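Working notes, beginning with the structure itself.
The values are calculated or read from the model by the stated rules, or taken from the named source; none is laboratory data. Just so it is clear, the model here is predicted, and its values are computed rather than measured. Every residue, glycine among them, receives a Cβ derived from its backbone with ideal geometry; neighbour counts consider all protein chains shown.
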Amino acid sequence: MIPQVLLPLMLPAFALRATAAILRGPPLKDTVLLVSRVILRSLPVVVIICFFCGAMLTVQAAASLAPFGALRMSGLIVGFGGVREVFPLLAGGALASRTGAEIASQLQAMRVTRQVEALEMMGLDPLVLLVAPRLIACVVAGPVCVFAAMVSGLVGGQVIGQFQLGIDRSAMWATLLSAVGVGDLVVGLIKGVVLGFVVGVVACYEGSIVAEGGARGVGAAANRAVVRGMVLVCLSCLGLSALIYGRFL
Amino acid sequence: MTVANEQSAQTPAIELRAVTKRFGPRAVVDDVTLSIQRGRTTVILGPSGTGKSTLLRLATGLLEPEAGSVHTLGVDVFGAKKHELLRLRRRMGMLFQDNALFGSLSVFDNVAFPLRRVQRTAEPEVRRRVDELLQLVGLPELGDRLPDRLSGGQRKRVALARAMALSPELVLFDEPTSGLDPQTSASIDQLIKDTQTRLGLTFVVITHDIESAGIIADDAGLLLDGKVHLFGPRATVWASQDPRVRAFLERRAG
């Protein structure tokens, strides 16, 4: 039995072992399939959520700026806050809820039906065969989702700005894009890699640990993967923002 | 045969020395010493919850004991490095109580899995070997089916075919007839007996099914309260007048 005081170290230790497993050559075909599957399943959720979020941010920005006669500047807030913070955060959250839950429940179901033990009995390492491909899939899907979130959020802001708030189309685009630099795009993609890694590690960890048995254990693993994944996504976003943008304050 | 091979063939298939395994305060396996010989079918009997499956998991290194040592096929299971343990497991096959078939793979792909992933066998050879194994377990026509489209007995047969795929020296069976109707149980018993006779492998079977043990066992052991109560040739165990052995064999409440 592992002493209670060591439990907080379990996740970082698992992250190290999972990362080392990536270096031991996970099966290429499974990895490619999982990467495409994770991206295809997460993207629609990311795009929908961020489109509406971009629109909502624009409405709120407009409501705040209109009294000062600065309605046309609404795009700036969506550009700054959305692209730098909100859209990557939402992409990470969507990845955790869509993919994290699926990975955790899948691995936990394989564990309770002893399929993982069957792999071990064949002399195969489940970390290399099951965990590493899923972790790679999340790390690849992370930046793709964050990029899609940024584009979708900006389009949401543009659509609401142009059609609801009556801001000139080209003026809206200009203010939206004036706030976004290449650096923001690069930072967003780095955030995507980190968030993908966090979501993947938490999901694989929750799917791999010995939990309650049967269907309840599978459900609980999925639930923990989403809740803990989202909390760690928020913490990671805060940490990265403080690290990257904090030094310009 | 080299001297080393000859010596390794003479070592027991599984040897447990003073092994204890606890779950919480309870010793599920309590100071067990046991030697299982090669080339025979050994059945470990006992009521549910007496540590039979734990014993199998200790022999394969899936569980670690609190005390004692385990040697399987001549390898010190808990002194071995991870890669040595993985190599040892490739010399064994295991049929799990719930079969542990991969639900998303067809019967063919389940049986082919260890050949493709462990041995990296070329595809024509995989096809030949899987056909041969499905023939051996009497399911030559069902390669395309998914496991959930099979009956309980058919799943056991597929699990046995998969366990045999890497041509193991030692095959472990965890409750092979559990949950099957009497007729299907009898056919699985016959399959185990025929396969062992034909291939001369070491089979270790964990079961509480006395009828099944009577058919397949060369040696038998009775596990009671985490301890080996009696172990020896089947005829000796069956003839024992020990009250607890008789109570178990005659299915009387102990």
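From the list B:Val245, B:Val228, which one is in contact with a strand residue (DSSP E or B) (Cβ under 9 Å, 6 or more places away or on another chain), in a strand (DSSP E or B) and either among the aliphatic types (A, V, I, L, M) or modelled with pLDDT of 90 or more (or both)?
Result: B:Val228 is the single residue among B:Val245, B:Val228 that is in contact with a strand residue (DSSP E or B) (Cβ under 9 Å, 6 or more places away or on another chain), in a strand (DSSP E or B) and either among the aliphatic types (A, V, I, L, M) or modelled with pLDDT of 90 or more (or both).
Which of the residues that make up segment B:129-172 are more than 17 Å from B:Leu191 (Cβ to Cβ) and touching a strand residue (DSSP E or B) at 6+ places or on another chain (Cβ under 6 Å)?
If the condition is that a residue be more than 17 Å from B:Leu191 (Cβ to Cβ) and touching a strand residue (DSSP E or B) at 6+ places or on another chain (Cβ under 6 Å), then B:Leu170 is the only one that fits.
Can you tell me which of (1) in a strand (DSSP E or B); (2) surrounded by 15 or more Cβ atoms within 10 Å (Cβ to Cβ) is the one B:Ala18 doesn't meet?
Failed condition: (2).
With the condition kept exactly as written, say whether any residue in segment B:68-85 is crowded, with 19+ Cβ neighbours inside 10 Å and in contact with a His (Cβ under 9 Å, 6 or more places away or on another chain).
yes
Looking at B:Arg117, B:Arg127 in this structure, which one is among the basic types (Lys, Arg), under 25 Å from A:Lys29 (Cα atoms) and away from chain A (no Cβ under 14 Å)?
The unique qualifying residue is B:Arg127.
What helices (runs of 4 or more DSSP H) completely inside segment A:3-105 contain at least 3 residues that are more than 20 Å from the chain's Cα centre (by Cα) and surrounded by 19 or more Cβ atoms within 10 Å (Cβ to Cβ)?
Qualifying helices (runs of 4 or more DSSP H): A:28-65, A:74-77.
Go through (1) among the acidic types (Asp, Glu); (2) within 14 Å of another protein chain (Cβ to nearest Cβ); (3) more than 28 Å from A:Arg24 (Cα to Cα) and name the single condition B:Asp30 misses.
(2) is the only condition that B:Asp30 fails.
Examine segment B:97-107 for a residue that is assigned to a helix (DSSP H, G or I), more than 10 Å from chain A (Cβ to nearest Cβ) and surrounded by 15 or more Cβ atoms within 10 Å (Cβ to Cβ), and state whether such a residue exists.
Kept after step one, since they are assigned to a helix (DSSP H, G or I), are these residues of segment B:97-107: B:107.
If we keep only those that are more than 10 Å from chain A (Cβ to nearest Cβ) as well, we get B:107.
In the following step, the residues that additionally are surrounded by 15 or more Cβ atoms within 10 Å (Cβ to Cβ) were identified as B:107.
Scanning segment B:97-107, I find at least one residue that is assigned to a helix (DSSP H, G or I), more than 10 Å from chain A (Cβ to nearest Cβ) and surrounded by 15 or more Cβ atoms within 10 Å (Cβ to Cβ), so the answer is yes.
Being within 16 Å of A:Leu43 (Cα to Cα) and within 14 Å of another protein chain (Cβ to nearest Cβ), is that true of even one residue in segment A:101-108?
yes
Within segment A:152-202, which residues are farther than 18 Å from A:Ala55 by Cβ, crowded, with 23+ Cβ neighbours inside 10 Å and touching a Ser or Thr at 6+ places or on another chain (Cβ under 7 Å)?
A:Leu195, A:Val198, A:Val199
Out of B:Val111, B:Val137, which single residue is modelled with pLDDT of 95 or more and either within 12 Å of another protein chain (Cβ to nearest Cβ) or out of contact with any Cys (no Cβ under 7 Å at 6 or more places or on another chain) (or both)?
Selected residue: B:Val111, the only one of B:Val111, B:Val137 that is modelled with pLDDT of 95 or more and either within 12 Å of another protein chain (Cβ to nearest Cβ) or out of contact with any Cys (no Cβ under 7 Å at 6 or more places or on another chain) (or both).
Report, by residue number, each residue of segment B:108-120 that is in contact (Cβ under 8 Å) with a residue 40 or more places away in the chain and outside any loop (DSSP other than H, G, I, E, B).
The answer is B:Asn110, B:Val111, B:Ala112, B:Phe113, B:Pro114, B:Leu115.
Checking the condition away from chain A (no Cβ under 11 Å) and under 30 Å from B:Gly153 (Cβ atoms), which residue from B:Thr11, B:Thr54 passes?
B:Thr54
Among the residues of segment B:72-94 satisfying the criterion of being assigned to a loop (DSSP other than H, G, I, E, B) and within 17 Å of B:Gly39 (Cα to Cα), which is farthest from the other protein chains (Cβ to nearest Cβ)?
Residue satisfying both the conditions and the ranking: B:Gly74.
Does segment B:109-126 hold any residues that are under 25 Å from B:Leu88 (Cα atoms) and more than 21 Å from the chain's Cα centre (by Cα), and which are they?
Hits for segment B:109-126 are B:Asp109, B:Arg116, B:Arg117, B:Gln119, B:Arg120, B:Thr121, B:Ala122, B:Glu123, B:Glu125, B:Val126.
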